[in-house]
Structure formats: structure tokens, C-alpha cells
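Remarks on the structure that follows.
The values are calculated or read from the model by the stated rules, or taken from the named source; none is laboratory data. Since the model is a prediction, treat every value here as computed from it, not as a measurement. Here Cβ is always computed from backbone atoms with ideal geometry, including for glycine, and neighbour counts include all displayed protein chains. Surface areas here come from the heavy atoms of the whole protein model, side chains and all, with no ligands, DNA or RNA. Shrake-Rupley method; radii C 1.70, N 1.55, O 1.52, S 1.80 Å.
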Amino acid sequence: MQTVDIIIPVYNEEKTIENILEILENTDFCNLNKNFIIVDDCSTDATREILRKYEEKYTIVYKEKNGGKGSAVYEGFKNTTGDIVIIQDADLEYNPSDYTPLLKLIIDGKADVAYGSRFKGTPFKDFMFLSYVANKFLTFLTNVLYGTKISDMETCYKAMKREFVQNMKINSNKFDLEPEITAKLVKQGAKIEELPIKYNARSYQEGKKITCIDGLMAIRALFYYRFFD
């Protein structure tokens, strides 16, 4: 039976980490075996103490220095052993059950990589206006630069065959992470398909961390990985 590696980058997620682990345990990922790879990016709250309870059950990596989400995802990639790799944030903006149809696209041989599109499945009202505009522009720029036809490049929900990510070096740490991953997948010739997903956007008061600077970094990443990498 095939295995799906679920990479969970965490940083100061003491309020949600146990909840998301319980949800993931109870989610059916197309009857695939599940392997959890939790990467703690040097949390300063009680996250690490909570994770120590799960050390015999899951693969847990404790980083000694905070390096951002990209560095945590990279550590996760290096520890993958399964057939398919997915990334699950611990903040519950995304519903893990949406991964099931994405995985099926890969299992059925219809895609090498499956993206969960927030714009195909989520009403505009669920997005903050500036976030909506920024995501749409970055996706448009991706399609122009890389010849793709995707609707949501910045989505965190990406199911990928391990062969495309196991040796992928990640340099980005913030909002430029998704452009880098997409650029490197496209350059490897991965066939990317999309399906709609649900999205529960957080506000800045609830911990949303994205800023205008992150958007500029994403634009820079798209040009860099297209022309200079």
C-alpha cells in the first residue's frame, strides 16, 4: 500500500497543534498509510512540550534556530520516505479532508502534483480584499512567466509525488515559499492539476502574518527562479 507523508511545519502553535493532529488522524487519505513529519521551527511557547508526547508515534524534528516556514518544509522534505507528500499548516485555515480528492488525482495517474484552489471553491467574501488581490496577481504572473494555467499558485494545499520534492532545496522562508516550490515543480516537468478546496481565512487579529513586503518577495522569487536559478 502507498504511503502519504504529511509534513506539518509548526511555530508557536500550542493552541491548535493537538487539534490538527487529531483531525489528521481521523481523516481518510484515500486509504493510504499516513506518516506524520512534524517540524518545530524553534517554538518559544509550549509547542515543544506538547510535541514530546508524540515522539514515539510521529517523526518529529526540533530545529535549534528559527528559520521560517521554508526551512521547516525543507527539513520535512529531507525526512520523507512515502510515495506522496503533502503539507499541512497547524493554523486550521485549510480543511484536511480536502486533500482526499487531490490525492486521488495522483493515485489515478491524472497528475504528478495536485493543487487545492481556494478561488475555485471559496467565495470572495471569505478573503481579505488585499489578500485576494495579491493572490490573484501573483497567480497571473506565474502563468505568464511559466506558461501554466493554474488559478491559485499561493495555495498551501499541494499534493506532490515524492520524486519531485525529495531533493528539492528550499531557499525561501516566507510568502516566497509557494512561488519557489511552484517554479521548481514546473521546471521539473511536473503535471499540475487543480481541484477546489474550502478555506477559512484568518484575520491579522487571529494571527495572520502576511504583509505587503511578503508580496514583493513573492514577485522577486517568481522572476528569480524563472530567469536566474
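Just a few scattered comments:
- Looking across the stretch 42-70 at every residue that is under 20 Å from Tyr157 (Cβ atoms) and open to solvent by less than 30 Å² (accessible area, probe 1.4 Å), the one that is nearest to the chain's Cα centre (by Cα) is identified as Gly70.
- Among the residues making up the stretch 99-141, those that are under 30 Å from Gly82 (Cα atoms), in contact with a helix residue (DSSP H, G or I) (Cβ under 9 Å, 6 or more places away or on another chain) and at pLDDT below 90 are Arg118, Phe119, Gly121.
- Looking only at the stretch 97-120, and only at residues there that are farther than 14 Å from Lys161 by Cβ and of a type in the set (Gly, Ala, Ser), the one that is most open to solvent (accessible area, probe 1.4 Å): Ser97
- Residue in the stretch 130-149 that is under 14 Å from the mean Cα position of the chain (by Cα), open to solvent by 30 Å² or more (accessible area, probe 1.4 Å) and in contact (Cβ under 8 Å) with a residue 24 or more places away in the chain present: no
- Wholly enclosed helices (runs of 4 or more DSSP H) of the stretch 1-96 bearing at least 2 residues basic (Lys, Arg): 69-78
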